[in-house]
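One structure is given below, encoded as structure tokens.
The values are calculated or read from the model by the stated rules, or taken from the named source; none is laboratory data. This is a predicted model, so every value here is computed, not measured. Cβ placement follows ideal geometry from the backbone for every residue including glycine, while neighbour counts extend to all protein chains displayed. Remember, those area values only see protein heavy atoms, side chains included, never the ligands or the DNA or RNA. Shrake-Rupley method; radii C 1.70, N 1.55, O 1.52, S 1.80 Å.
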Amino acid sequence: MNRFIKGLLAASVLLTTAFTTVTVQAQSLRMAVTDIVGLENLQREYAPLQKLLSEKSGMPIELFPVPNRTAAVEALNAKRVDLVLTGPAEYVVFKKRSNAKLVVGFSRPDYYGSIVTLQSTGIDSMNDLKGKKVALGDVGSTSRHLAPIQLLADMGLKPGKDVQIVHVNRNVAVEAMKRGEVAAIGVNRTDVPGLTKKFSDQVFKVVARGRDLPNDVLLAGPHVPDAQVALMKKVFSENSDALIAAVLQGPDENQKFKGMAFIPNIKDADYNYVRKMYATIGQPQYANFVGN
């Protein structure tokens with residue numbers, strides 16, 4: 001092969017690479033967040049991240065509000081949305097129903113479920129809960145429903161058989177504990193300080209602490225080109241501190257991410273414990289959102 005032909009081939013490769021890069025950067029991506037309803041709320045929490053991601057990636061990021069988790073997965077499958085930020089319980093359903101691609105994990109420090117009681121109940125161990133009633137949070141919540149119910153199972157108690165499960169508001173559950181109608185409640189780590197402050201006349205006791213839960217995760221639809229997914233991963237890796245600061249500008253919901261890090265090497269197997277939770281509540285297919 002002479003030098004002229006080699007030169008043409010080299011130029012062709014360079015032009016193709018440049019064209020691909022420009023194409024990837026020019027295409028916009030629509031992003032939804034499953035636990036925030038309404039465009040105004042979504043913009044209040046995620047506009048700083050949207051702006052910075054757009055700037056660093058060269059791809060315009062548009063915020064796309066969804067009313068619930070089911071609508072989010074349907075929008076992903078219909079290609080109306082390209083990126084979805086969601087929790088670990090939602091991820092396994094997204095993966096089952098859409099074969100979504102993992103982009104990056106949003107870690108949540110001290111993210112776990114616990115079984116908590118009052119000092120006055122006389123409950124000292126998980127075995128003391130046998131034959132009693134335990135109040136959990138919203139059906140489908142990773143840390144207030146699925147994690148505590150799995151914790152009961154991990155400790156040898158069969159939910160619904162050894163322990164009666166009810167779903168009520170946390171404050172209502174504490175009042176029920178004070179009256180002796182409920183023996184314990186399932187909460188996450190961030191709930192305990194607030195309950196201690198609100199019910200300052202009570203002494204709370206953690207009976208058992210669950211294992212750390214998997215991360216929240218940013219997903220890409222199966223229709224999103226691998227080149228765009230790779231670019232997004234690179235942007236999060238190279239601009240981690242700035243993007244974390246942008247996330248934490250969200251004044252309300254996003255404060256759960258204080259102390260967070262982005263997890264670039266997140267794997268589907270990281271969520272097998274969540275799949276175990278679905279099996280524990282009698283939904284081993286994890287093909288539908290619980291409580292939605």
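Summary table
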read-out	value
Checklist (1) free of Cβ contacts under 8 Å to residues at least 60 places away in the same chain; (2) in a strand (DSSP E or B) applied to Ser114, failing item	(1)
Residue match in the range 177-193 (condition: surrounded by fewer than 14 Cβ atoms within 10 Å (Cβ to Cβ), over 22 Å from the mean Cα position of the chain (by Cα) and over 23 Å from Lys130 (Cα atoms))	no
Which listed residue, of Glu238, Glu253, is within 16 Å of the chain's Cα centre (by Cα), charged (D, E, K, R) and open to solvent by 70 Å² or more (accessible area, probe 1.4 Å)	Glu253
Filtered residues of the range 154-191 (kept if touching a strand residue (DSSP E or B) at 6+ places or on another chain (Cβ under 6 Å) and of a type in the set (Val, Ile, Thr))	Val163, Ile165, Val166, Val168, Val182, Ile185, Val187
The lone exception for Val24 - which of (1) hydrophobic (A, V, I, L, M, F, W, C); (2) open to solvent by less than 50 Å² (accessible area, probe 1.4 Å); (3) under 19 Å from the mean Cα position of the chain (by Cα); (4) at pLDDT below 95 it fails	(3)
Odd one out for Val290 among (1) touching a Ser or Thr at 6+ places or on another chain (Cβ under 6 Å); (2) part of a loop (DSSP other than H, G, I, E, B); (3) of a type in the set (A, V, I, L, M, F, W, C)	(1)
Exclusive hit being in a helix (DSSP H, G or I), closer than 26 Å to Val192 by Cα and out of contact with any Pro (no Cβ under 7 Å at 6 or more places or on another chain), set Lys276, Lys234	Lys276
Given (1) in a helix (DSSP H, G or I); (2) open to solvent by less than 40 Å² (accessible area, probe 1.4 Å); (3) touching a residue at least 24 places away in the same chain (Cβ under 8 Å), number of the condition Leu218 does not satisfy	(1)
Residue within the range 140-157 that is in a loop (DSSP other than H, G, I, E, B), of a type outside the set (A, V, I, L, M, F, W, C) and loosely packed, with under 13 Cβ neighbours inside 10 Å present	yes
Filtered residue count, the range 51-89, keeping only those that are under 20 Å from Leu102 (Cβ atoms), open to solvent by 50 Å² or more (accessible area, probe 1.4 Å) and either modelled with pLDDT under 95 or polar (S, T, N, Q) (or both)	1
Single residue of Glu74, Glu55 found to be without any contact (Cβ under 8 Å) to a residue 12 or more places away in the chain and over 20 Å from Ile36 (Cβ atoms)	Glu55
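Here is a yes/no grid of residues against (1) at negative phi; (2) in contact with a Lys or Arg (Cβ under 7 Å, 6 or more places away or on another chain); (3) in a loop (DSSP other than H, G, I, E, B):
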| residue | (1), (2), (3) |
| --- | --- |
| Lys197 | yes, no, no |
| Ser200 | yes, no, yes |
| Val206 | yes, no, no |
| Lys256 | yes, yes, no |
| Gly282 | no, no, yes |
